[in-house]
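Derivation of every value follows stated rules applied to the coordinates shown; laboratory data play no part. These figures come from a predicted structure and were not determined experimentally. When we count neighbours, we look across all protein chains shown, and the Cβ atoms used for this are built from the backbone with ideal geometry, even at glycine.
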Amino acid sequence: MKHTVLAGGVGAARYLQGAITALDPKEVTAIVNVADDITLHGLRICPDLDTCTYTLARQIDPHRGWGLTNETFTAMKSLSRYGGHDWFSLGDQDLGTHLYRTQRLNEGATLTEVTAEITNAWGIKATLLPVTNDPVETKVTLRSGQEVGFQEYFVRMAHNVPISALRFSGAPHATPTPQVIKAIEDAETLVIAPSNPVASIQPILAVPGIKNAIKRRRARNVAVSPIIGGRALKGPADRMLKELGEEATVVGVARRYRDLAATLIIHNIDAEHVRDIKALEMRAIVMPTIMSEPGVSRALAQRCHQAGKNP
Ligand code: GDP
Ligand code: CA
């Protein structure tokens, strides 16, 4: 009953937490975006992998939504004293993850190997796979014409600035890992998590070979809309979609995913759009999808799994 999930950060991590309670965690695999990754202070930082890891370990900070709970920021304060680059907050415990990852990568380990070591150390039974071991980096073109790195847009500018384009530097030359292709092909159900469609899912699909492998099994693929009532629950997904000329509604999400998945799961508040989604040749399932309420993510994962099994 293998269950594979295309994953960004927070939305995907919450979904995965439901999936490991609804299903056998050993059967759950996430293919995780790496285009948000950044090197700072010589350290390799992988925000989406770490958000998934810390959430599955039940150690994510519930208020911030990123980083570890009970975190301290002493090293950052020390860095600020010197006028160092302190716009990207790194907690003291979190720094241990980046130190370990960077050392192992420098020794020649792949990101796939290091990620397995890190998730094992946290006792996680599910599998987290970076989509590729090759460098892929989201670049954001601002309305002003300037191009910046993703974290510069997202964190430094607090995504408070209009954009006009995205590109995934390195993606055309990247190869998906064999484990990723196998996880797509072997899955009973494949789920596109409720992650940012532009910033988290698109860079996974931009790695050559991924999109076709997913399209080939469209009937057994299920997408969960990250857009609810025309808005993102958190972050700039709604604004980014609009600024890139798309509709920030479940219908816009359906247009994006219609070639990839036969089923779209939408929140009850969007029930009025079911007919428009059907017109795009997708089946729509209406149910609670806000995963801050207990039990929702588990029920959602269960429903997704069934939907993929019964196309
Ligand atoms: P990031 O990498 O941490 O920015 O997170 P993601 O790419 O995973 O996605 C952010 C998106 O997740 C936003 O569009 C949110 O609306 C969506 N999201 C977060 N939590 C939930 C949830 O509980 N339910 C649904 N349906 N979407 C969610
Ligand atoms: Ca992210």
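Computed from Cα positions, the angle between helix 111-121 and the longest principal axis of the chain comes to roughly 90 degrees.
Using alpha carbon coordinates only, what is the Rg to Rh ratio of segment 16-84, with Rh defined as the Kirkwood radius? Here the Rg-to-Rh quotient is 1.07. When the Cα positions of 69, 210, 175 are compared along the charge dipole of the chain, 210 comes out farthest toward the positive end, with charges on each C-beta of Lys, Arg, Asp and Glu.
Restricting the calculation to Cα atoms, segment 235-311 yields a radius of gyration followed by a Dmax of 13.0, 36 Å. Computed from the alpha carbon positions, the gyration tensor of segment 170-259 leads to an equivalent ellipsoid with semi-axes of 24, 15, 10 Å, biggest first.
If you take the beta carbon distance between residue 107 and residue 85 as r and set R0 to 35 Å, what does 1/(1 + (r/R0)^6) give as a FRET efficiency, to the nearest 0.05? Efficiency, rounded to the nearest 0.05: 0.90. Summary: within the chain, the longest segment free of trypsin sites (Lys or Arg not before Pro) located in DSSP loops with at most 13 other C-beta atoms within 10 Å is 235-311. Its alpha carbons give segment 78-133 an Rg and a Dmax of 13.9, 41 Å. Normalised radius of gyration (Cα atoms, divided by 2.2 N^0.38 Å) for segment 126-216: 1.20.
Applying 0.36 nm per residue to the separation of residue 271 and residue 61 and subtracting their alpha-carbon distance, the gain on full extension is 72.4 nm. In the chain, the ratio of gyration radius to Kirkwood radius, Rg to Rh, stands at 0.95 when only Cα atoms are counted. Non-local lysine pairs in the chain, meaning eight or more places apart or on different chains, with alpha-carbon distances under 17 Å, amount to 10.
In a DSSP loop and with at most 16 other Cβ atoms within 10 Å, the GluC sites (Glu not before Pro) in segment 142-215 are 188.
With a sphere of radius 13 Å drawn around the Cβ of residue 32, what net charge do the other residues whose Cβ falls strictly inside it have (Lys, Arg +1; Asp, Glu -1)? Net of charged neighbours comes to -4.
Near the amide H of residue 30, within less than 5 Å, lie the amide hydrogens of 5, 127, 128, 129, all on another chain or at least 5 residues away, with H placed in the peptide plane. Calculation over all alpha carbon pairs of segment 1-47 in 5 angstrom steps from 0 returns a P(r) of 5, 20, 25, 18, 12, 11, 6, 2, 0 percent. Taking chymotrypsin sites (Phe, Trp or Tyr not before Pro) in DSSP loop conformation with at most 16 other Cβ atoms inside 10 Å as exposed sites, the chain has its longest uninterrupted site-free stretch at 123-311.
From its DSSP helices (H runs of at least four residues, each -39,500 (n - 2.57)), the chain gives a residue-normalised ellipticity at 222 nm of -10000 deg cm²/dmol. For the chain, the Cβ-based charge dipole about the Cα centre amounts to some 740 debye (Lys, Arg positive; Asp, Glu negative; other atoms uncharged). Do any GluC sites (Glu not before Pro) in segment 24-120 lie in a loop, going by DSSP, with at most 13 other beta-carbon atoms within 10 Å of their beta carbon, and if so which? Those that pass, being in a loop and sparsely packed, are 107. For the pair residue 259 and residue 292 in one chain, pulling the backbone fully straight at 0.36 nm per residue adds 8.9 nm over the alpha carbon distance.
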